[in-house]
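Single-structure report; data block below.
The values are calculated or read from the model by the stated rules, or taken from the named source; none is laboratory data. If you're wondering where the values come from, they're calculated on a predicted model, not measured in any experiment. Cβ: placed from backbone, ideal geometry, glycine included. Neighbour counts: every protein chain shown.
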There are 2 protein chains.
Amino acid sequence: MLPEKTLSWGVSRNCMRELSAYGVRRKQEIGADHVYDFALGNPSVLPPAIVNQSIIDIIREEGNTVHAYTTAAGIPSLRAKIADDLNARFDLGIGPDLLYISTGAAAALTASLHGVIIPGDEVICLAPFFTEYRVFSECAGAQVVVVPPAEDFSLNLDGIRAALTDRTKALIINSPNNPSGAVVSAEELNQLGDLLREQEAKTGSTIYLISDEPYREIVYDGFEYACPLNYYDDSIMCYSFSKALSVPGERIGYFAVNPKMNDAANVYASLVGAARGLGYVNPPALFQRVIERSLGSYSDVSEYKTNRDILCNGLRELGYEFVEPQGAFYLFMKALEPDALAFSERAKKYELLLPASNDFGCEGYVRISYCVARSTIENSMPAFKALMESYR
Amino acid sequence: MLPEKTLSWGVSRNCMRELSAYGVRRKQEIGADHVYDFALGNPSVLPPAIVNQSIIDIIREEGNTVHAYTTAAGIPSLRAKIADDLNARFDLGIGPDLLYISTGAAAALTASLHGVIIPGDEVICLAPFFTEYRVFSECAGAQVVVVPPAEDFSLNLDGIRAALTDRTKALIINSPNNPSGAVVSAEELNQLGDLLREQEAKTGSTIYLISDEPYREIVYDGFEYACPLNYYDDSIMCYSFSKALSVPGERIGYFAVNPKMNDAANVYASLVGAARGLGYVNPPALFQRVIERSLGSYSDVSEYKTNRDILCNGLRELGYEFVEPQGAFYLFMKALEPDALAFSERAKKYELLLPASNDFGCEGYVRISYCVARSTIENSMPAFKALMESYR
């Protein structure tokens, strides 16, 4: 007798990984240039030079001792440096005592969820949402409550109001959003804060706003990332250096508990205890030092803006419907039939790899990751055209 | 309302980390040379040169692309290489399809536990055991059943027999053992296998033998590591490169599901699904490549043998009681009073940092980590002498 859930998570990979694996095989068959692979969010822009330079320097200067255990929460000087950075940029007033360097944002999210969830609690996920929020929440023993999207992918406040119950323990927010590219405005965060505070007052139970923000440095002209921790006290920031530094394989990020939270020290302790229970001993040691040296440097994310513009213009001309992304590097496009899985399947015939929206919590869309080579976008347009024509 | 367990795991660090934190403060007060810090299992022998050379070579040869996501189970060529290594050394007959590169042995253990445990199942831990087995097991929803140690720290088969119930789902074995240094012989594994098979036949339920073996390359003259997977089919190997390559901070290891297990593919899938649910996206990318280049190289573990001999001779002369370690780099010494916590506290007065055995699942001992500078061992002897005299 094996646990049903872990078995199902292991048997069925998420749709992006599934399609990406198909892509690998297909590229071997017909050549990489003939497959338009938009499946994964693997940054196409390379890390800034300081990343590899730091690695070389650390090895030269510190030699063989850098690979030892660090404290579980991360090297104290790195935690202090990140706290300073957060205070300078977002005025959080946070100290290193509420900051924990994690093995990527995924570990920050699972520690946050396991650290606050008591089995039976509900976690609200706002569709469309990153597929793994469901897996992480259920693994922590929570029931997932899905709020359907607003037409323009703005924050669906009415939907959230309707989803709140006296068992709501957490709500996950993700701005800029994967997969829609929507950025939540300060005004929307204000309204969300009011709504959650009102519910807390009514039930007497804390609702934790968990902010997953690996894309916050990838925001386009005219839009601005607003920090959720400044609009609601019972909030936790989960961050990853994966996207802004293009190092997703190295698994390094952090969580930060809002110092304005009542009981912040206990919540922090519970998250740290959860990370311990899940087997996170310390974040990778060498990369902690790399981050310490490269904090404040970023990949050239303007490349994604150019990709976005070429993609949006091309698809718009062909008659596809979508809301132009405000940040991140995904475009969430309406499928040409109600069944997104069937649409994704048909797209494969034109060598277009477009994960269906079902795993993202809503139907009728596909996600296009435009963190790819420019040529992939440009060369894919005839395929998008043929796909469109096949529906006429 | 926070979950009680995660809060308690976060508030109380394990005894080693607690004492080590005290040691850091104490060294600042009186100087590092005057504190005899035996608290942590941080390898004192440096990694072999190939580790840092590989890092430099990888950065030079592969440049900026090495930091991308890898597949969740690890780079296929690395998995194949490790499978070949396991087959050559232990004749496991395993393929890469049952091997998963993990973020250290801790992640391999938590994935193994979450992948097989259904809440209410029992996990048997053999005292003395690594403190985190309890935390990892309880986090997966299991009840921990502790088998008391045999006087000489050999496998307590009668104790195991008495602990088996129809809810027993797993038994964790750790050879060489942390903290006792005991190595489980082939003969003992044979008897354990018989016992577990007998119980499986009686209840009709599978019992998974989870073998945590980060110390298997650190075994002293006259003793030999025997691979548990060759004595019992329903077994899972959890390994870390932390100790043999002295890279504990980099978090890289693997789990391997015994190919002789009935239903091995499903068990593997469930463990992979568990790792996904716990937030393990992929093991650190750069270090996967480092392991690929350095597999088969080891730190010079003969240093630990010399440390062990100096420590054992010194303590024996002073009249302390212990079983000489057969492997790993810990000595489990009888406290001079029944209350190990009080003994550990008194040792601090002599600047000796010796974690009490209570968290290891039994009373009356302290753990001495001799993966330290030779001079720490040599210079500590007068302190051990004074501690002994204080009990006369």
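A single member of A:Ala182, A:Ala107, A:Ala127 is among the aliphatic types (A, V, I, L, M) and farther than 17 Å from A:Leu192 by Cα, and it is A:Ala107.
Cβ separations smaller than 6 Å between residues 6+ apart or across chains give the following pairs from the range B:15-38 residues that are under 24 Å from B:Tyr133 (Cα atoms) to residues that are acidic (Asp, Glu): B:Cys15/B:Asp359. Given the structure, is B:Asp233 more than 30 Å from A:Val290 (Cβ to Cβ), modelled with pLDDT under 95 and surrounded by fewer than 24 Cβ atoms within 10 Å (Cβ to Cβ)? Against the criterion (more than 30 Å from A:Val290 (Cβ to Cβ), modelled with pLDDT under 95 and surrounded by fewer than 24 Cβ atoms within 10 Å (Cβ to Cβ)), B:Asp233 does not qualify. Run down A:Ala88, A:Ala140, A:Ala72, A:Ala150 and say which single residue is in the same structural domain as A:Ile218 (by TED's automatic domain parsing), over 30 Å from A:Gly204 (Cα atoms) and at pLDDT 95 or above. Among A:Ala88, A:Ala140, A:Ala72, A:Ala150, only A:Ala88 is in the same structural domain as A:Ile218 (by TED's automatic domain parsing), over 30 Å from A:Gly204 (Cα atoms) and at pLDDT 95 or above. Scan B:Leu295, B:Leu286, B:Leu318 and give me the residue that is over 19 Å from B:Asn42 (Cα atoms), aliphatic (A, V, I, L, M) and either within 14 Å of chain A (Cβ to nearest Cβ) or without any contact (Cβ under 8 Å) to a residue 60 or more places away in the chain (or both). The match here is B:Leu286.
Does B:Arg316 count as part of a helix (DSSP H, G or I) and closer than 20 Å to B:Asn379 by Cα?
Spelling it out, B:Arg316 is indeed part of a helix (DSSP H, G or I) and closer than 20 Å to B:Asn379 by Cα.
For the range B:50-70, a residue qualifies if it is facing another protein chain (nearest Cβ under 8 Å) and either within 18 Å of B:Val247 (Cα to Cα) or in a loop (DSSP other than H, G, I, E, B) (or both), and the qualifying residues are B:Val51, B:Asn52, B:Ile55, B:Ile56, B:Ala68, B:Tyr69, B:Thr70. When B:Phe329 is tested against (1) surrounded by 15 or more Cβ atoms within 10 Å (Cβ to Cβ); (2) closer than 18 Å to B:Leu40 by Cα; (3) out of contact with any helix residue (DSSP H, G or I) (no Cβ under 6 Å at 6 or more places or on another chain), exactly one condition is not met: (3).
In this structure, is A:Asn358 in contact (Cβ under 8 Å) with a residue 40 or more places away in the chain and not assigned by TED's automatic domain parsing to the domain that holds A:Gly159?
Here the answer is yes, as A:Asn358 does meet what is asked.
A count restricted to the range A:12-23 and to residues that are of a type in the set (A, V, I, L, M, F, W, C) and modelled with pLDDT of 90 or more stands at 1. In the range B:71-80, the residue that is farthest from the other protein chains (Cβ to nearest Cβ) out of those that are surrounded by fewer than 17 Cβ atoms within 10 Å (Cβ to Cβ) and among the small types (Gly, Ala, Ser) is B:Ala80.
Take B:Tyr254 and tell me if it is in contact with a Lys or Arg (Cβ under 9 Å, 6 or more places away or on another chain) and of a type in the set (Phe, Trp, Tyr). So B:Tyr254 fits the description; yes.
With a requirement of 1 or more residues that are more than 14 Å from chain B (Cβ to nearest Cβ), the helices (runs of 4 or more DSSP H) lying completely within the range A:132-240 that satisfy it span A:157-163, A:186-203.
Across the range B:25-48, the number of residues qualifying as part of a helix (DSSP H, G or I) and either modelled with pLDDT under 90 or assigned by TED's automatic domain parsing to the domain that holds B:Val135 (or both) comes to 0. Counting only residues that are under 23 Å from the mean Cα position of the chain (by Cα) and charged (D, E, K, R), which one in the range B:14-33 is surrounded by the fewest Cβ atoms within 10 Å (Cβ to Cβ)? Per the stated criteria, the residue is B:Glu18. Condition (residue is of a type in the set (A, V, I, L, M), under 23 Å from B:Gly95 (Cβ atoms) and surrounded by fewer than 24 Cβ atoms within 10 Å (Cβ to Cβ)) applied to the range B:294-304: is it met by at least one residue? Yes, that holds for at least one residue. Regarding A:Leu245, is this residue in contact (Cβ under 8 Å) with a residue 60 or more places away in the chain and either among the polar types (S, T, N, Q) or part of a loop (DSSP other than H, G, I, E, B) (or both)? When the stated conditions are applied, A:Leu245 passes them. Taking B:Ala383, is it in contact with a Ser or Thr (Cβ under 8 Å, 6 or more places away or on another chain), on the phi < 0 side of the Ramachandran plot and either in contact (Cβ under 8 Å) with a residue 40 or more places away in the chain or not acidic (Asp, Glu) (or both)? Judged against the criteria, B:Ala383 is not a match. Test A:Gly277 against the stated conditions and say whether it is modelled with pLDDT of 95 or more, within 23 Å of A:Lys81 (Cα to Cα) and part of a helix (DSSP H, G or I). So A:Gly277 does not fit the description; no. Taken over the range A:10-24, the residue count meeting the criterion of being within 13 Å of chain B (Cβ to nearest Cβ) and assigned to a helix (DSSP H, G or I) is 9. In summary, B:Arg251 fulfils each of the numbered conditions (1) more than 10 Å from chain A (Cβ to nearest Cβ); (2) of a type in the set (Lys, Arg); (3) within 26 Å of B:Ala49 (Cα to Cα) with the single exception of condition (1). Is the range A:103-119 home to any residue that is part of a loop (DSSP other than H, G, I, E, B), without any contact (Cβ under 8 Å) to a residue 40 or more places away in the chain, in contact with a strand residue (DSSP E or B) (Cβ under 7 Å, 6 or more places away or on another chain) and under 27 Å from B:Ala106 (Cα atoms)? No; the residues of the range A:103-119 include none that is part of a loop (DSSP other than H, G, I, E, B), without any contact (Cβ under 8 Å) to a residue 40 or more places away in the chain, in contact with a strand residue (DSSP E or B) (Cβ under 7 Å, 6 or more places away or on another chain) and under 27 Å from B:Ala106 (Cα atoms).
Might you let me know whether the range B:51-64 holds any residue that is under 21 Å from B:Ser294 (Cβ atoms) and in contact with a Ser or Thr (Cβ under 7 Å, 6 or more places away or on another chain)?
yes
Set side by side, the residues A:Ala186, A:Ala170 differ, and just one is crowded, with 22+ Cβ neighbours inside 10 Å and at pLDDT 95 or above, which is A:Ala170. With respect to the conditions (1) within 14 Å of another protein chain (Cβ to nearest Cβ); (2) surrounded by fewer than 22 Cβ atoms within 10 Å (Cβ to Cβ), B:Gly273 falls short on a single one, namely (2). Please determine, by comparing only the residues of the range A:34-49 that are in contact with a Cys (Cβ under 9 Å, 6 or more places away or on another chain) and facing chain B (nearest Cβ under 9 Å), which one is surrounded by the most Cβ atoms within 10 Å (Cβ to Cβ). Filtering first and then ranking leaves A:Pro43.
Could you say whether any residue in the range B:156-167 is touching a Phe, Trp or Tyr at 6+ places or on another chain (Cβ under 7 Å) and at pLDDT 95 or above? No, that holds for no residue. For the structure I just gave you, tell me whether A:Ala150 is free of Cβ contacts under 8 Å to residues at least 12 places away in the same chain and surrounded by fewer than 24 Cβ atoms within 10 Å (Cβ to Cβ). Here the answer is yes, as A:Ala150 does meet what is asked.
Can we say B:Ala80 is closer than 28 Å to B:Glu132 by Cα, out of contact with any His (no Cβ under 6 Å at 6 or more places or on another chain) and not in a loop (DSSP other than H, G, I, E, B)?
Working: closer than 28 Å to B:Glu132 by Cα: no; out of contact with any His (no Cβ under 6 Å at 6 or more places or on another chain): yes; not in a loop (DSSP other than H, G, I, E, B): yes.
It is false that B:Ala80 is closer than 28 Å to B:Glu132 by Cα, out of contact with any His (no Cβ under 6 Å at 6 or more places or on another chain) and not in a loop (DSSP other than H, G, I, E, B).
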